[in-house]
Amino acid sequence: MAISILQNISLIISIAVIYHFVSRQLHGRPLIVSALNGALFGSAAMLAMLNPFHFATGIIYDGRTIIIAVAGLFGGPLVVGVAVAIAIAFRVFSIGGTGYLAGILSILFAAAIGLAFFYWRKRSKKPLDNWRLLAIGYLVHIFMLIAQFALPDQRWKTVLPAIIVPVLFLYPLAFFFICRLFIDNEERTKNLAMLKESEARYKLLFKAHSSIMLLIDPDSGQIIDANPSAEAFYGWTRSQLLSMNISEINIQPVDQIKERMKQAQSKNKNIFILKHRRAFGDIRDVEVFSSPVEYSGEKVLYSIVHDATARIQAENKVRELNQTLEQRVAKRTQELQDMNKELEAFAYSVSHDLRAPLRAIEGFSSLLSEEAGKTLSESSEHYLGRIRYNAKKMSQLIDDLLRLSRISRQNLEYSKVDLSRLAREIAAEMATRYPARKLSIFVQENMVASADKALLEVLLRNLLGNAWKFTASIPDAEIRFEYMDRDGQRIYSIVDNGIGFDMEYADKLFSPFQRLHNEKEYDGSGIGLSIARRIVARHGGRIWAESAPKKGATFYFTLGGG
Amino acid sequence: MSSSLSESTVILLVEDNPDDEELTLLAFRNNQIANPIIVVRDGAEALEFLFKTGKYEGRDLRTNPRLVLLDLKLPKIGGLDVLRKLRGAPATQFLPVVVLTTSNQDEDIVNSYRFGANSFIRKPVEFSKFNEAIRQLGLYWLLLNEVPLAQ
């Protein structure tokens, strides 16, 4: 009996091999695979039954339970169904005899138990460990023994003692080893599938991607693989590329390339900007991201290449432009400095040379009028007076012009300036100078700006002075200096209720020597507001005015960033 | 000794403009300032006079000035250079120098004081004011002000 079991086992092992071969070859057509494997198991059961241990005529013992249970456990319903059909048909029609019912029952029990664990395994996803396999083997063969009660004439009484020892010791063990064989095979198939999948993934990541990718042997520089994007970019076919060394592409000297590759191996993240030669004969600027990776058990450099020619050229151009810009700025600055110097020299010479003749005109006219005063007619005396007046006036104009030009030329020194305090000081000074004037001046608190203090003082002196001057004839004169914030900008305003001006001439207000009121009534050369505008402009601000005749005037100004 | 500054009465006027020269002399006369006035017409001549070189070599020591009225814009050597040189020489380092000029540019005023001017006066265009300026200047520098003995 033991020998026949061994024969059965070897039979099943060969089935296992064929089973997996069929499964692999006809992968993707599960119905045909199941039918064929069912036939295989059925034939095996048949062969087992042809080589049995004869207990008596019509009562045989063989490995069919093992075969059928394995078919159920690993093949599933269709496989075991086909196998059971063949096995039962063979048992009934070819062998027959008194034991056929017990034979059929043991086949059905084995199939049911195998199938039950097939489903259990599918649902629980738990592995079939060794103890579980042994348990199933025992279960199948306990049921096989139970099937013996179906023998006629209570033959079990003699059969059971004869077969119980081999059935309970040999059969489960045989079942166990065959199952292990199937499980190992299954795992192998699974590993193979995983390998295929990883290969497919590699194909997807490497071959199908539009980035240019190269695998390079870090020691020799040999190209190990190149993707189609690399073929398209470099203009060499994959097989050409695979016969090439990276030094044929990278235009750097070989030792430098070696150095780079050594560096790339030691670090995980490497970005190089290089020049790569192509089959087309041109050289492109490329950005190479290189990482060491494991490939078929070897360390290789996995490089992704970006064609950065356009960008690098643009960058170079920007750099070039910046450089020429710097040169141009330096040149312009020099020109401006020269011009400024020239202007300063001009102002200096104006201040010295233009005033000297005026002094002579005034001086000698004055001496003339003194000496010849009594002998001169009234009109001659008047003419001399006009000459002297105009000489003085011209001298004043020159002084004003020089003041204006000085404001344009002098450097600003920024500090925190308390405009409120400055305005109050100026107002107090004016009040002391003209104690007869009755007027109220309101200055808003906490007006602080970052500005040049000296220039701001000139500005406020001019604007407050104007307000003071043009309210002289108003009985309840009032001047207000305040601010408002509009659109994130601080706008200062100096409001008076003086004689005002016609808005038609508002644009002339800030030009040098423009007057809107006659000189007799209101003195001054008309430079004050030009100076005010220049001061505001130097601070990056703006000045403007609103008014109507006899309705007072408002001067607004901003101080740029301050 | 006759070389003492305090004993000298001469005013050295450094002025290149003949009109200004005439007006200045007139203003002194108007104010009855009788001190002798020696006029030199450029910076080089001023230095020759002060250092007794060139055509002023061996000039009478009694002509050593008690006061220098110095214009800034001068032919050959400018007023500021004259000032610097005479402040550098021991014989003239304490000599009172009043800058009397046309401009009131900041840089002129600052540089004049930097190089050792004792005073800075801008010539007014109006002759009556100029006259008054000369009167006060004469009163102060020739009568009130004391200078050390020359070395």
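Of all the helices (runs of 4 or more DSSP H) wholly in the stretch B:69-151, which have at least 3 residues that are farther than 24 Å from B:Leu23 by Cβ and out of contact with any strand residue (DSSP E or B) (no Cβ under 8 Å at 6 or more places or on another chain)?
B:79-88, B:106-114
Pull up the stretch B:65-101, narrow it to residues that are out of contact with any Leu (no Cβ under 7 Å at 6 or more places or on another chain) and within 14 Å of chain A (Cβ to nearest Cβ), then point me to the one that is farthest from B:Gly138 (Cα to Cα).
Only one residue fits best here, namely B:Pro75.
Of the residues A:Ser220, A:Ser291, which single one is part of a loop (DSSP other than H, G, I, E, B) and modelled with pLDDT under 90?
Matching residue, one of A:Ser220, A:Ser291: A:Ser220.
Do any helices (runs of 4 or more DSSP H) lying entirely in the stretch A:1-114 carry at least 2 residues that are modelled with pLDDT of 80 or more, surrounded by fewer than 24 Cβ atoms within 10 Å (Cβ to Cβ) and under 60 Å from the mean Cα position of the chain (by Cα), and which ones are they?
Ranges flagged: A:30-50, A:77-89.
Could you give every pair whose Cβ atoms fall below 6 Å, whose first residue belongs to the stretch A:542-559 and is under 17 Å from A:Lys469 (Cβ atoms), and whose second residue is assigned to a loop (DSSP other than H, G, I, E, B) and among the aromatic types (Phe, Trp, Tyr), counting only separations of at least 6 or pairs across chains?
A:Ser547/A:Phe501
In the stretch A:442-453, which residue that is open to solvent by 60 Å² or more (accessible area, probe 1.4 Å) and in contact (Cβ under 8 Å) with a residue 40 or more places away in the chain is farthest from the chain's Cα centre (by Cα)?
A:Phe442
Let me confirm something: among A:Asn322, A:Asn316, A:Asn390, which residue is within 14 Å of chain B (Cβ to nearest Cβ), assigned to a helix (DSSP H, G or I) and open to solvent by 60 Å² or more (accessible area, probe 1.4 Å)?
Criteria check complete, one pass: A:Asn390.
I want to confirm something. Restricting to the stretch B:74-121 and keeping residues that are among the polar types (S, T, N, Q) and closer than 27 Å to A:Asp400 by Cα, which single residue is surrounded by the most Cβ atoms within 10 Å (Cβ to Cβ)?
Among residues in the stretch B:74-121 that are among the polar types (S, T, N, Q) and closer than 27 Å to A:Asp400 by Cα, the one surrounded by the most Cβ atoms within 10 Å (Cβ to Cβ) is B:Thr101.
Counting just the residues of the stretch A:341-360 that are in contact with an Asp or Glu (Cβ under 8 Å, 6 or more places away or on another chain) and aliphatic (A, V, I, L, M), which one comes out farthest from the other protein chains (Cβ to nearest Cβ)?
Result: A:Ala356.
Being open to solvent by 60 Å² or more (accessible area, probe 1.4 Å) and part of a helix (DSSP H, G or I) is the filter; apply it to the stretch A:365-380 and report the residue that is farthest from the other protein chains (Cβ to nearest Cβ).
A:Glu378
Evaluate the following for A:Ser210: is it over 30 Å from A:Gly28 (Cβ atoms), modelled with pLDDT of 85 or more, under 31 Å from the mean Cα position of the chain (by Cα) and not hydrophobic (A, V, I, L, M, F, W, C)?
So A:Ser210 fits the description; yes.
The values are calculated or read from the model by the stated rules, or taken from the named source; none is laboratory data. Small disclaimer: the values here were computed from a predicted structure and weren't measured. All Cβ positions, even for glycine, are placed from backbone atoms using ideal geometry, and neighbour counts span all protein chains on display. The protein model used for the area step is the full one, side chains on, heavy atoms only, and it has no ligands, DNA or RNA in it. Shrake-Rupley method; radii C 1.70, N 1.55, O 1.52, S 1.80 Å.
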